[in-house]
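Structure, as structure tokens:
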Amino acid sequence: MNWKKYCKPLFLLLLLAWTLTGCSKPLDPLRVGDAAPPFALTLITGEARTLDHYRGKGLVVTFMSSWCPCSNDSLPLFKEAHLRHQNQVAFLMVGIQEAESKFKEFVKKREITYEAGYDTSKMARTYGVNAPPTTVFIDKNGVVKQFFYGNIKDKAAEFAGWVAEVAS
């Protein structure tokens with residue numbers, strides 16, 4: 001039997017198994033009542049933002065992608081809520097799971113007037129986000145008040161209440 005021809009595929013298979021099981025520690029999911037994890041994000045304008053920048057004001061962070069139908073469906077609610085609550089609540093859109101250029105084009109095309117940045121710092125992973133759209137509502141003290149995955153359009157009444165809660 002020629003063992004040499006099996007060594008490379010076996011080595012690659014073992015390396016893959018090690019990578020998938022032991023290379024990265026799974027993160028604890030973010031829960032209501034947790035302190036929001038710190039983050040650093042560069043906005044598409046080039047400005048830097050951290051969680052501390054928003055301290056003293058409610059914050060709604062939504063992780064979105066241009067290719068995601070639910071992200072697109074949710075945009076009108078976010079835009080309306082931003083106009084209504086912009087003095088009490090900051091809105092932050094974070095682009096994930098697509099090329100940065102596509103996300104920037106999406107923000108421009110959809111005329112997003114609140115802050116937006118592309119996730120190059122693994123913010124989504126830190127927040128336990130696996131897919132768009134995912135929205136995190138953080139109060140002025142940095143405490144997570146709500147964590148919602150999916151089309152927020154389907155929860156318009158709840159969304160208004162969650163925004164109002166972090167606005168107070």
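The values are calculated or read from the model by the stated rules, or taken from the named source; none is laboratory data. Everything quoted here is computed from the prediction, not taken from an experiment. Here Cβ is always computed from backbone atoms with ideal geometry, including for glycine, and neighbour counts include all displayed protein chains. Note: areas computed on protein heavy atoms with side chains; ligands, DNA, RNA excluded. Shrake-Rupley method; radii C 1.70, N 1.55, O 1.52, S 1.80 Å.
For the stretch 39-53, just list the computed ³J(HN,Hα) in residue order, Karplus coefficients 6.51, -1.76 and 1.60, θ = phi - 60°, integers in Hz, with x standing in for Gly and Pro.
Running phi through 6.51 cos²θ - 1.76 cosθ + 1.60 with θ = phi - 60° gives 8, 10, 9, 9, 6, 5, 7, x, 6, 9, 9, 10, 4, 4, 4 Hz.
Around residue 45, under 11 Å between beta carbons, what's the net of Lys plus Arg minus Asp minus Glu among the other residues?
Working: positive: 49, 104; negative: 47, 115.
Charge balance in the 11 Å sphere: 0.
Quick check on packing: order 34-45, 50-61, 87-98 by the mean number of other C-beta atoms within 10 Å, highest mean leading.
Values: 34-45: 15.4, 50-61: 17.8, 87-98: 20.8.
Highest mean packing first, the order is 87-98, 50-61, 34-45.
Running Debye on the stretch 29-168 with equal point scatterers at the Cα sites and no solvent, what base-10 log of I(q)/I(0) appears at q = 0.13, 0.21 Å⁻¹?
-0.47, -1.44
What percentage of the solvent-accessible surface of the stretch 37-168, computed with a 1.4 Å probe over protein heavy atoms, is contributed by carbon and sulfur atoms? All intermediate terms of the calculation are to be shown ahead of the outcome.
On the way: 3160 of 6320 Å².
Ligands and nucleic acids excluded, carbon and sulfur reach 50 percent.
With a ≥ b ≥ c the root eigenvalues of the C-alpha gyration tensor of the stretch 107-168, is it rounded (a/c under 1.5), prolate (a/b larger than b/c) or oblate?
On the way: a/c = 1.44, a/b = 1.19, b/c = 1.21.
It is rounded, given that a/c, with a ≥ b ≥ c, falls under 1.5.
Could you check what % of the DSSP bridge pairs in the stretch 65-168 are antiparallel, to the nearest 5? It would help to have the intermediate numbers written out before the result.
On the way: 5 of 9 bridges.
Looking only at bridges with both residues in the stretch 65-168, the antiparallel portion is about 55 percent.
Measuring with a 1.4 Å probe in the full set of protein chains, what accessible area per residue, in whole Å², belongs to the stretch 35-84? Provide the component values of the computation, followed by the final result.
On the way: 2340 Å² over 50 residues.
Using a 1.4 Å probe on heavy atoms only, each residue of the stretch 35-84 averages 47 Å².
When Lys and Arg each count +1 and Asp and Glu each count -1, what net charge do the other residues less than 14 Å away from residue 103, Cβ to Cβ, add up to?
On the way: positive: 102, 104, 108, 109, 110; negative: 98, 100, 105, 115, 119.
That sum, taken over residues with Cβ under 14 Å, equals 0.
Please go through the residue pairs 57/79; 104/145; 57/155; 102/153; 102/145 and name each one whose alpha carbons sit more than 26 Å apart in this structure.
Values: 57/79 18 Å; 104/145 28 Å; 57/155 23 Å; 102/153 23 Å; 102/145 31 Å.
As for pairs spanning more than 26 Å Cα to Cα, those are 104/145; 102/145.
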